[in-house]
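The values are calculated or read from the model by the stated rules, or taken from the named source; none is laboratory data. Keep in mind that what you see is a predicted model, and the values were worked out from it rather than measured. A quick note on method: Cβ atoms are made from the backbone with ideal geometry, for glycine too, and the neighbour counts reach across all protein chains shown.
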Amino acid sequence: MVVPVASKTPQTDGLTERCENCSSQTTHRVSVELRTENEGGENAAFSREPYRVATCRACGEETSQRMNDA
């Protein structure tokens, strides 16, 4: 019996989305990143927010959107 192994890296080739730079549907690498919004403040450690980051595999254009604003 083969037991599947959990992986932290996605095994998909990417998602197809519209790229404004390419003006067409292209494959994107999509990830979620925690970004610090207030790096200079004294509460910087508590100001991290999740962002959806999509990078076009055709041209390299990166777009990000704050998940709480989605």
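Figures for the structure shown
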{"quantity": "Every pair of residues 6+ apart whose Cβ atoms lie under 8 Å, when the first sits in the range 49-70 and is over 22 Å from Cys22 (Cβ atoms) while the second is modelled with pLDDT under 95 and part of a loop (DSSP other than H, G, I, E, B)", "calculated": "Glu49/Glu37"}
{"quantity": "Selection from the range 1-15 of residues that are surrounded by 10 or more Cβ atoms within 10 Å (Cβ to Cβ) and at pLDDT 60 or above", "calculated": "Gly14, Leu15"}
{"quantity": "Scope the range 22-70; condition in a loop (DSSP other than H, G, I, E, B) and among the acidic types (Asp, Glu); matching residues", "calculated": "Glu37, Glu39, Glu42, Glu61"}
